[in-house]
Amino acid sequence: MQRDLRYDLSGITALITGASRGLGRALALALADAGARLVLVARDPAPLEAVVAEIRGRGGEAHPVIADVGDKAAIHAIAGQAAALVGDLDLLIHNASTLGPTPLRLLLDTECEDLEAVLAVNLVGPFRLTRAIAGSMALRGRGLVITISSDAATEAYPEWGAYSISKAALDHLARIWAAELAESGVDVLAIDPGEMDTKMHADALPGADPATLARPEAVAAVILEMIRDPARAPSGARLSVPRWQQEGAR
Amino acid sequence: MNPATSPRDARADTRLLVVDPDGGGRLDTTIAALPRLLSAGDLVIVNDAATLPASLRGRRDGDPDPAAAIELRLTGAGAPGRWPAILLGAGDWRTPTERRPPPPILAVGERIELVDVAGAVVLAAIVVDVDPRSPRLVTLAFDRQGEALWAALYRGGAPVQYSYHRAPLALWSVQSAFAGRPWAAEMPSAGRPLDWRTLGGLRRAGVGLARLTHAAGLSSSGDPAMDRLLPLPERYAIPEATIAAITATQARGGRIIAVGTTVVRALEGSVAASGRLRAGVGVTDLRLGPASALQVVDAILTGMHAPGESHHALLQAFARPAALLDAWGHAAGAGYLAHEFGDSMLILPARARARPAHAA
C-alpha cells in the first residue's frame, strides 16, 4: 500500500524547477534530507551541479537536468528525463521564475516582448510542465503540484507589473487545476514564500537590508510543514509562509 | 485505408468503430461516446508508457561518408547498460522505411558516434552484440550513464518518424494524456485518443480505470527479415493496484477492456509466464493469434489495423477473421483513417468471458 505523500516524504519522487539557488536550492536540500528522490532543473550547469553534489554528500539522491522551463521544446524532455531517472513523479514544484528586465519598471515602459517572456517562464512553462506530468499523477491517483507565488500577485505594486501579472495568473491556474483535479487524488497548492534573502530579491530591490529578509532554508522548512499538513493546507489553497508562521505561533 | 497524416488535437473526436464479436453488431461513433458504450463495473486498462526519443542519427566511428550514415532506433532496455537497437541506413523520415538503403554491417566492438540536429556529437556507443538472426539488430553500450545518458538521448534523439506524415513529429505529439516513464520506442497509440474529459466520463459512469507500463517496441524496420523477428521481448510492469482492480472486476462480472495491444500482451504475457496474473516487472514476447485463449482481457480498444499487419493477428484472439475483415471493409469504405493518429476500433463482447479466476 503506497504511503500518502502528504504525510510521509521518504522515498517520494520530486521535480523542482529553478533549483540551483535561493528557495529552489533550499527546497531541494530540505526534501533530500526528508528522503525524497529528486530531479532538479535549472539553466546553469555549475550552480546546479553544486547543489546536486551537496545533496549527494549528505547521502541524498538528486539528478540535474539542465533546461529552460520557458522553452516549449524542453518540456517533454524535462518530464521524460525525470521519469527515466526517478520513476513516476509524486511532487512537482514550479519554483523557477524570472523578474523580467531589471531595474523593475512601469508597465508603460515595459516592452510587450518582455511581458511575453516573463509569462513564458512564469506561467506558460508551469502550465506546460504540469500538463506533461499531472496526467500521470491523476491516473495513479497520487500527486502534489506546488506553484510559488508572491504578494506581488495580490498587491498592485507599481513597477512590478510583468512579474505580478504572471504570479496572479499562476495563482489562478493553481486554483482551477485544483478544482478540476478535486477527485483525482492530485493536490495543487499555491505558496507565497514571503520576502527572502535571495538573488532574485536583491535584483528587484538592491537596497534591501538582508537582516530583514527570511532565510530560504527557514522558508523551505515551513513549506515542508505545509506539504505534511493537508488539513491546514488543503488542495486549492493559496498559502502564505509568513501568515502560516504567525498562525502557528498563536 | 488512408493513414492519418498528422496528429489530431481534438483527441476524443477520433472516430470509433464498435464491433460485437459474438452478435456481429457494429456501431460508428467517436471516442467521446466511450463512457456510454461501457457499463458500470467494467475496467479500462491503459499503458502509461511515455514515448522515448528513440531515433538517433550517427555514423560509424571515423567514417565521414554520408552514405554510411546510420539511424538507430532504440527498442526498449535490455540488461542494465545494454540497449537493444535496430539499425537503418541513410535517409530520413521522408523516405518510406522499406526504401531506405541498408545500414552498414557492424561488428562487435565497433563504435558509433551519435549526433544532434546540428551535427555535434552527443553520445557514443559500442556494439556489444549482433543478433545472429539479423545484422540490423544489435545491442549497444553507451559511453555514459544516468543523467548524462538521458540528457544526451533527449538532446540527440527524436521520436520515430513516419514517411506518410506531412511534417516531422515533435516529442509532445506522441504522448498519451497520462504518459509517465519513457519506456516506449513508439507511441502506444491506442491510448492517444483518450482525453481527460473522456476519462472523467468513464469515472462518472462507474467504469474503473487502471494502468500498467509496457515498453511498446518498434512496429517495423523496413527490412522484411528483421520485421519477422518483431515483436522483440518487451518489458512491462503491472502495479498491485491493477491486479486488485482486475480481480474485483472479474468477481462482479465486469469486462476487462485493454487499451491497446501492448496492454493485452502484458496481461496475457504475465499469465503465460507464470500461470497466473502477477504484479511486478516482466518481459514478454507473446504473440497472440486466432488460437489464443484470452485469460484476462475481454475487449480491446485499438487502432485500425489492416489484415496482414502484425497487430491484426492479435485481434483474431478477440474476433473471428471474417468479422474482422467485414469490420475493416466497412471502416475503409466509410473513410476511417489508419495508423498512429488514425481512428479506433473497439471489439466489445456483451459479457465478460467465462473463465477460472486467475488472481494473485
*asked:* So B:TRP83 ticks every box in (1) surrounded by fewer than 18 Cβ atoms within 10 Å (Cβ to Cβ); (2) over 29 Å from B:THR5 (Cα atoms) but one. Which box is left unticked?
replied: (1)
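Residue-by-condition table, conditions (1) hydrophobic (A, V, I, L, M, F, W, C); (2) touching a residue at least 12 places away in the same chain (Cβ under 8 Å):
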site	(1), (2)
A:ARG6	no, yes
A:ILE12	yes, yes
A:VAL52	yes, yes
A:ALA73	yes, no
A:LEU85	yes, yes
A:ASP90	no, yes
A:HIS94	no, yes
A:THR98	no, yes
*Which members of the range B:91-132 meet the condition of being of a type in the set (A, V, I, L, M, F, W, C), touching a Pro at 6+ places or on another chain (Cβ under 8 Å) and surrounded by 15 or more Cβ atoms within 10 Å (Cβ to Cβ)?*
B:TRP93, B:LEU106
*Please state which one of A:ALA34, A:ALA73 is closer than 22 Å to A:GLU225 by Cβ and surrounded by fewer than 24 Cβ atoms within 10 Å (Cβ to Cβ).*
A:ALA34
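Per-residue answers, yes or no, for (1) surrounded by 20 or more Cβ atoms within 10 Å (Cβ to Cβ); (2) assigned to a helix (DSSP H, G or I); (3) in contact with a strand residue (DSSP E or B) (Cβ under 7 Å, 6 or more places away or on another chain):
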{"residue": "A:PRO158", "(1), (2), (3)": "no, no, no"}
{"residue": "A:LEU170", "(1), (2), (3)": "yes, yes, yes"}
{"residue": "A:ASP187", "(1), (2), (3)": "yes, no, yes"}
{"residue": "A:ALA190", "(1), (2), (3)": "yes, no, yes"}
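Pick out the one residue from B:ALA327, B:ALA291 that is out of contact with any helix residue (DSSP H, G or I) (no Cβ under 9 Å at 6 or more places or on another chain) and crowded, with 22+ Cβ neighbours inside 10 Å.
Details: B:ALA291 fails: crowded, with 22+ Cβ neighbours inside 10 Å.
After ruling out the rest, the residue left standing is B:ALA327.
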_Residues to consider are B:SER163, B:SER176; find the one that is under 27 Å from B:VAL281 (Cβ atoms) and part of a loop (DSSP other than H, G, I, E, B)._
B:SER176
*Going by the structure shown, is B:LEU218 assigned to a loop (DSSP other than H, G, I, E, B) and touching a strand residue (DSSP E or B) at 6+ places or on another chain (Cβ under 7 Å)?*
yes
*Consider A:ARG175 against the criteria (1) surrounded by fewer than 21 Cβ atoms within 10 Å (Cβ to Cβ); (2) free of Cβ contacts under 8 Å to residues at least 60 places away in the same chain; (3) under 19 Å from the mean Cα position of the chain (by Cα): it satisfies all of them except one. Which criterion is unmet?*
(2)
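Determine if the range B:347-359 includes at least one residue that is closer than 26 Å to B:ASN2 by Cβ and either in a strand (DSSP E or B) or among the hydrophobic types (A, V, I, L, M, F, W, C) (or both).
Yes - at least one qualifying residue is present in the range B:347-359.
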*Please enumerate the residues belonging to the range A:96-118 that are buried (at least 18 other Cβ atoms within 10 Å of the Cβ) and either among the basic types (Lys, Arg) or at positive phi (or both).*
A:GLY100
_Can you tell me which residue is farthest from B:LEU325 (Cα to Cα) among those in the range B:5-27 that are aliphatic (A, V, I, L, M) and surrounded by fewer than 20 Cβ atoms within 10 Å (Cβ to Cβ)?_
B:ALA10
_If a residue counts only when it is closer than 16 Å to B:TRP150 by Cα, which strands (runs of 3 or more DSSP E) contained entirely in the range A:1-91 have at least 2 such residues?_
A:37-42, A:61-66
*Being surrounded by 24 or more Cβ atoms within 10 Å (Cβ to Cβ) and away from chain B (no Cβ under 14 Å) is the filter; apply it to the range A:122-143 and report the residue that is farthest from A:GLY11 (Cα to Cα).*
A:ASN122
*Identify, please: which residue in the range B:64-84 is assigned to a loop (DSSP other than H, G, I, E, B) and among the charged types (D, E, K, R) and is, among those, farthest from the chain's Cα centre (by Cα)?*
B:ASP65
*Just wondering, is there one or more residues in the range B:18-41 that are out of contact with any helix residue (DSSP H, G or I) (no Cβ under 9 Å at 6 or more places or on another chain) and within 14 Å of chain A (Cβ to nearest Cβ)?*
no
*For the range B:154-172, what are the residues that are more than 7 Å from chain A (Cβ to nearest Cβ) and either surrounded by 23 or more Cβ atoms within 10 Å (Cβ to Cβ) or under 15 Å from the mean Cα position of the chain (by Cα) (or both)?*
B:GLY157, B:PRO159, B:VAL160, B:GLN161, B:TYR162
*Pull up the range B:210-225, narrow it to residues that are closer than 18 Å to B:THR284 by Cβ and of a type in the set (S, T, N, Q), then point me to the one that is nearest to the other protein chains (Cβ to nearest Cβ).*
B:THR213
_Candidate set: the range A:71-101, residues that are in contact with a Leu (Cβ under 6 Å, 6 or more places away or on another chain) and within 11 Å of chain B (Cβ to nearest Cβ); chosen: the one nearest to B:GLY157 (Cα to Cα)_ = A:HIS76
_Subset of the range B:33-63 [under 22 Å from the mean Cα position of the chain (by Cα), of a type in the set (Gly, Ala, Ser) and not in a strand (DSSP E or B)]_ = B:ALA49, B:ALA54
_I'd like the full set of residues that are assigned to a loop (DSSP other than H, G, I, E, B), under 19 Å from B:GLY23 (Cβ atoms) and not basic (Lys, Arg), limited to the range B:298-331._
B:ASP298, B:GLN316, B:ALA317, B:PHE318, B:ALA319
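Hey, can you tell me all the residues within the range B:283-332 that are of a type in the set (Asp, Glu) and more than 26 Å from B:PRO35 (Cα to Cα)?
Of all residues in the range B:283-332, those of a type in the set (Asp, Glu) come to B:285, B:298, B:309, B:326.
If the condition is that a residue be of a type in the set (Asp, Glu) and more than 26 Å from B:PRO35 (Cα to Cα), then B:ASP285, B:GLU309 are the ones that fit.
Go through the range B:173-209 residue by residue and tally those that are small (Gly, Ala, Ser) and either within 9 Å of chain A (Cβ to nearest Cβ) or surrounded by fewer than 22 Cβ atoms within 10 Å (Cβ to Cβ) (or both).
Going through the range B:173-209 one residue at a time, the tally reaches 10.
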*Name the pairs: first residue in the range A:205-219 and of a type in the set (Asp, Glu), second residue in a loop (DSSP other than H, G, I, E, B), Cβ to Cβ under 9 Å, at least 6 apart or on different chains?*
none
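A short reminder: the numbers here are calculations on the coordinates, not readings from a lab. Quick caveat, the model's predicted, so the values are computed rather than measured. Here Cβ is always computed from backbone atoms with ideal geometry, including for glycine, and neighbour counts include all displayed protein chains.
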